[in-house]
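Have a look at the structure below before the remarks.
The values are calculated or read from the model by the stated rules, or taken from the named source; none is laboratory data. If you're wondering where the values come from, they're calculated on a predicted model, not measured in any experiment. Reconstructed Cβ throughout: ideal geometry from the backbone, glycine too, with neighbour counts over all protein chains shown.
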Amino acid sequence: MSIFKPKRHSGIHYSGMNPKGYHPSQIKFYIILLPLSLFMLLPMVFIISHAFKPPDELFAYPPRFFVTNPTIKNFTDLFAKMSNSGVPVSRYLFNSIVITIVTIALSILVSTTAAYALSKKRFRLKQTLFAVNTLALMFVPIAVTIPRFLVIEQLGLMDTFWVHVLPALAMPVGLFLIKQFIDGIPDEIIEAARIDGANDVNIYYQIILPMIKPAIATIAILTFQATWNNADVSSLYINDESLKTFAFYITTLTSTTAGANAVAGQGIAAAASLIMFLPNLIIFLILQSQVMSTMSHSGLK
Amino acid sequence: MVNNSIQRTSKFRLFLAKEGNAYAFISGYALMFIIFIVVPVLLAVLLSFTLFDTIQFPTFIGLKNYVTLLTQDDIFMKYVLPNTIEFAVIVGPGGYLLSFILAWMLAQLPHLPRTILALILYSPSMTSGVAMSVVWLSIFSGDQNGYLNSLMLNYNFIQEPIQWLQSPQYLMPIMIIVTLWSSMGVGFLAMLAGILEINPEMYEAGALDGISNRFQEIIYITIPSMRPQMLFGAVMAIVSTFQAGAIGVTLSGANPTPQYAGQLIVNHIEDYGFLRYEMGYAAAISVVLLLMVLIFARVANSLFGSRE
């Protein structure tokens, strides 16, 4: 019967966007994209392969890209190791995990509540506040490292757990994406709930939150990347070694300025980098379809 | 008087009843936003007019920091500014264009291969410089054990190992390549989503109106239909370009970078702020950096902003 159905692309022109299946015109894109993707993958394949190399392969000449006799010795070495100041590596990892979880939870809370107000509530400063946040999308945190340092010092946040968490909560991109997503929820649903006697907390918790799961997943990923990979907070605001993060510990392994022994630390550094990298990949793999559906609301007018 | 104050309280009550909830909902984010973004930016502007060594209270010196920056800071004029512009112009628009072209090609593949390839292209951007520095340091290592050196020695391209990360002529190109490699980030995903959202009938209508090749299609249909995502992508590209400034110091392991070859404005701020403790001067450089970002964003806005 399909012969009677009108074709979607009526044969006048094959646009080829978002195709349902294979078409010969796609070959040219594969020819470009496949080699490029392989090239882009190389550093990541390298990091995986490198982490499992025994010492003789790490320093083999000529160096080999792929591991031949994989070992987990680098990982056992890593966790047996203490940093120069006597803090076990597992402590850095523990700090990173706790900091990341707390930051993601709070970031979701403050961003979704603020986005709900900016999208669905009526108040005088609404337009202004959203405009300010949109302007702040262009904010480059690294530019104001010094004044930020002074602010954090004045607030007494130096050497505290919260200095890892609080600055990460001000994430203009996160608020922007969630607000755009909530804009897509029809006002009628909220009006109907209000007539049924729901207050703002009910509406936020029982209507908005369940409907914006993709946006929540997206801000969770963005916050995760910003926090988990962050070494700057530890190096700038933390003197207490037992409060520093795993990302910071890696910089002490690889940085030549810190006087680290780049040769002896190679295997450990590779293992640590893999531990650093894998959660990024796994979390994105799990949440990628949610992220894509959020991104279609990302337009900036 | 009494009457007046009663009126005022009831006005306040009315305000609370009408708008109080909204402000309560927004307060957590707003507080963090003010403390960690607004105050530091204002503070940077204020400090930029002062002499401040972190020990004594800042003294007001007017525009002197800016004058010094533009007229007497040889390193800024000779290395930092040209480097920053070179880096920003190649990595910003380059990474942006690359993101768009790749997203456009990906949009023309079926769902499964598209998802896999998009994931591969996106994945470098989620790794920070921290996790990847071990990779770059091994590949570009200056002795014969470095992967690039070993490869090139093997094929007789070079006779002896090159100090990639310590040589002024190679550091900048390597910084650019490494940053481009990780430039398919959030903006790339937004543009991919934007292209996929375009109504297919637009293309058919375009074909009827005489659009004959793919290039015209991109210019007259694809880009105008996804202007908002193009602008979002542009803003993300600009921000990540300037934010990536620390890469030269990470790669070469020193601030200042060898012969200032990879010195970007961000490193210059750090150099004056945290190494020389000239906070007022560093703040002036910060303000210049923020202004540069704004100028770039204005250009993007005039290209893709809403035309009303």
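Details
- The set of residues in the stretch B:135-189 being in contact with a Ser or Thr (Cβ under 7 Å, 6 or more places away or on another chain) and among the hydrophobic types (A, V, I, L, M, F, W, C) consists of B:LEU137, B:LEU165, B:LEU171, B:MET184, B:PHE188.
- Of the helices (runs of 4 or more DSSP H) lying entirely inside the stretch A:14-122, the ones with 1 or more residues being at negative phi and within 11 Å of chain B (Cβ to nearest Cβ) are found at A:27-51, A:55-58, A:89-120.
- Leading residue by the ranking (modelled with the lowest pLDDT) among those in the stretch A:146-155 that are buried (at least 18 other Cβ atoms within 10 Å of the Cβ) and at the interface with chain B (Cβ under 7 Å from one of its Cβ atoms): A:ILE146
- Selection of helices (runs of 4 or more DSSP H) fully inside the stretch B:185-243 by the criterion of at least 2 residues being at the interface with chain A (Cβ under 8 Å from one of its Cβ atoms) and of a type outside the set (S, T, N, Q) returns B:186-197, B:200-208, B:227-243.
- Selection count, the stretch A:71-100, where residues are of a type in the set (Phe, Trp, Tyr), surrounded by fewer than 17 Cβ atoms within 10 Å (Cβ to Cβ) and in contact with a helix residue (DSSP H, G or I) (Cβ under 7 Å, 6 or more places away or on another chain): 1
- Residue within the stretch A:201-217 that is modelled with pLDDT under 90 and either under 22 Å from A:LYS126 (Cα atoms) or under 22 Å from the mean Cα position of the chain (by Cα) (or both) present: no
- Taking (1) surrounded by 17 or more Cβ atoms within 10 Å (Cβ to Cβ); (2) in a helix (DSSP H, G or I); (3) without any contact (Cβ under 8 Å) to a residue 60 or more places away in the chain in turn, B:ILE176 satisfies each apart from (3).
- Checking each residue in the stretch B:139-160 for being facing another protein chain (nearest Cβ under 7 Å) and modelled with pLDDT of 80 or more picks out B:TYR147, B:SER150, B:ASN154.
- One residue from A:ILE146, A:ILE178 being free of Cβ contacts under 8 Å to residues at least 24 places away in the same chain and among the β-branched types (Val, Ile, Thr): A:ILE146
- Exactly one residue out of A:LEU243, A:LEU287, A:LEU281 is more than 9 Å from chain B (Cβ to nearest Cβ) and within 14 Å of the chain's Cα centre (by Cα): that is A:LEU287.
Residue-by-condition table, conditions (1) at pLDDT 90 or above; (2) within 20 Å of B:TYR79 (Cβ to Cβ):
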{"position": "B:HIS268", "(1), (2)": "yes, yes"}
{"position": "B:LEU275", "(1), (2)": "no, yes"}
{"position": "B:ALA282", "(1), (2)": "yes, yes"}
{"position": "B:LEU291", "(1), (2)": "yes, yes"}
{"position": "B:ALA297", "(1), (2)": "no, no"}
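- Filtering A:ALA168, A:ALA193 for residues that are part of a helix (DSSP H, G or I), hydrophobic (A, V, I, L, M, F, W, C) and more than 22 Å from the chain's Cα centre (by Cα) leaves a single hit, A:ALA193.
- Entry remark, the stretch B:39-65: residues being among the β-branched types (Val, Ile, Thr) and facing chain A (nearest Cβ under 8 Å) number 2 in total.
- Residue selected from the stretch B:255-308 under the condition surrounded by fewer than 23 Cβ atoms within 10 Å (Cβ to Cβ) and among the β-branched types (Val, Ile, Thr), by the criterion nearest to B:VAL45 (Cα to Cα): B:VAL287
- Those residues of the stretch B:276-308 which are within 8 Å of chain A (Cβ to nearest Cβ) and aliphatic (A, V, I, L, M), in sequence order: B:MET279, B:ALA282, B:ALA283, B:LEU289, B:LEU290, B:VAL293, B:LEU294, B:ALA297
- Residue that is out of contact with any Pro (no Cβ under 8 Å at 6 or more places or on another chain) and exposed (fewer than 15 other Cβ atoms within 10 Å of the Cβ), where the choices are B:LEU117, B:LEU63: B:LEU63
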